[in-house]
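First up is the structure itself, then whatever we jot down about it.
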Amino acid sequence: MIIFDEKNAPVQLDPTWLTDYFNIEAYVAAYINLPILIMVLVFVCFVAWYLTKKIVVGSIHKIFLKTKVTWDDILVEKRIFDKLALIVPALIIIFAVPVVFGQFPTISKYAVNLASVMLIMVIIWVINAVLAVFNEVLSQSHIFKDKPISSYIQVLNIIVYFVGGILILSLLLGKSPFYFLGAMGAMTAILLLIFKDTILGFVASIQMSVYDMVRVGDWIAMPKYDADGDVMSINLSTVKVQNWDKTITTIPTYAFINDSFKNWRGMSNSGGRRINRSIYLKVSSFCFCDEEMLEQFKKYTLIKDYILKKEEEIKNLNASLTDERANPVNAISLTNVGVFRVYAENYILSNPHINKDMTNMVRQLDPTSKGMPLEIYCFTYEKEWVKFEQVKSDIFDHLLTITSEFHLEVFEEPSGRDFRTLTESRK
């Protein structure tokens, strides 16, 4: 039977209900009362959870899936409402156990505490699932797509777990939450040591976001960590980079504040990608252009106007030199390397893949033991790696091959075959 107190509130359910309603002997009822009550409570909790999940949660899912917005579909995918359904049996235990198990105060106390712990864990679970939804929604947003949203979400996750852990400990140990907060204050140094990387990563994430140093999708190069590729994700403690060989490098987030790295975003946002390569020409192949060579160069469309113009200028300048025929050194003449430099420059400017609005030049660098470098400096419209390399290769394929038409030679290191040929020629 159910016993009521002076306020007419039920406080316990003793074994006499088995004797009164089922004619079971009193000594037998005393033994089977507790197991039966437990089974009934478990059955009621299961039925309540099942009906909540099938009816309430099922109806919410159907309504959300019919809407046009996408964020509620993510809520359904994360099964947040399935998790919320677990709150129902926890609440039943919290409110029913003191009534049903009133004559078992110890069992009642532990059952209520465990149900309360379960309730807190479900709430933590749901909050983190909601934060995961926020992370996914904001990451897909155009405004926050390149921001380290996951870093901030992870910080919130840590805070939720920390608060939940304090509440669970206070329930299990019967202490006030402020008691544990005071104890945590004494362990600050240990906590700072344990969460050092997390704290550094959080601060670095904020600095990276404020100063717009790195975004998801940026191409970065960090030689210290052998990283050269696209940023996949920016988390609280790590940044994942997928290298061009499809390997993945994990870099500590705070390393982007302490160490140097190269971000190619400026190139991607600019009007072109730079070509900066040199052709090494043998100085011994340089010479003045004679009439035959000039006539040959006039056949080349890219430099025909240049040759005609320079011939007229040189003719006028040399006219004032009385001894030009007697001593050709005093005369002004075109050189094959100079004409080739102009040809290379005009060839680059005629290429439709080269951005004419950016710096374009062909210049001579200081001669070295490998010859004189003729540097090609320009920018292509193509920024994608494969297409960029194709444009660059086409340019140098042509220039390296055409050098012989200007009576120039490209420097090459002597090979074994060259030495054998030299030895055989001396025999």
Practice task
Report, by residue number, each residue of the range 115-129 that is within 10 Å of Val160 (Cα to Cα) and surrounded by 17 or more Cβ atoms within 10 Å (Cβ to Cβ).
Solution key: Ile123, Ile124, Ile127, Asn128
Fill in the blank from the handout: Being part of a helix (DSSP H, G or I), modelled with pLDDT of 80 or more and either surrounded by fewer than 17 Cβ atoms within 10 Å (Cβ to Cβ) or of a type outside the set (Gly, Ala, Ser) (or both) narrows Ile32, Ile36, Ile92 down to just Ile92
Handout entry: Any hit, the range 95-113, residues being touching a helix residue (DSSP H, G or I) at 6+ places or on another chain (Cβ under 6 Å), outside any helix (DSSP H, G or I) and closer than 30 Å to Leu138 by Cβ
Key = no
Handout entry: Cβ pairs under 6 Å, 6+ apart, first in the range 167-184 and closer than 15 Å to Lys109 by Cα and surrounded by 13 or more Cβ atoms within 10 Å (Cβ to Cβ), second modelled with pLDDT under 75 and of a type in the set (Lys, Arg)
Key = none
Handout entry: Tyr306 vs. criteria at pLDDT 90 or above, among the aromatic types (Phe, Trp, Tyr) and part of a strand (DSSP E or B)
Key = no
Practice task
Inspect the range 364-376 for any residue being at positive phi and either at pLDDT 90 or above or in a helix (DSSP H, G or I) (or both) and give the result as yes or no.
Solution key: yes
Practice task
Would you please list the contacts, defined by Cβ atoms under 8 Å and residues six or more apart or on different chains, that run from a residue in the range 44-62 that is in contact (Cβ under 8 Å) with a residue 12 or more places away in the chain to a residue that is outside any helix (DSSP H, G or I) and not charged (D, E, K, R)?
Solution key: Trp49/Ala85; Trp49/Leu86; Thr52/Ala85; Lys53/Ala85; Val56/Ala85; Val57/Ala85
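Taking the range 268-295 as the search range and keeping residues that are in a strand (DSSP E or B) and over 19 Å from Leu399 (Cα atoms), which one is farthest from the chain's Cα centre (by Cα)? Outline the logic, then answer.
Of all residues in the range 268-295, those in a strand (DSSP E or B) come to 273-281, 288.
Of the ones still in play, those that are also over 19 Å from Leu399 (Cα atoms) are 273, 288.
Numbers: Arg273: 22, Phe288: 56 Å.
Ranking the candidates gives Phe288 first.
Condition first: among the aromatic types (Phe, Trp, Tyr) and under 28 Å from the mean Cα position of the chain (by Cα). Now tell me which residues in the range 103-133 satisfy that.
Trp125
The values are calculated or read from the model by the stated rules, or taken from the named source; none is laboratory data. In this text, all values refer to a predicted model and were calculated from it rather than measured experimentally. Because the Cβ atoms are built from the backbone with ideal geometry, glycine has one as well, and the counts that use them run over all protein chains shown.
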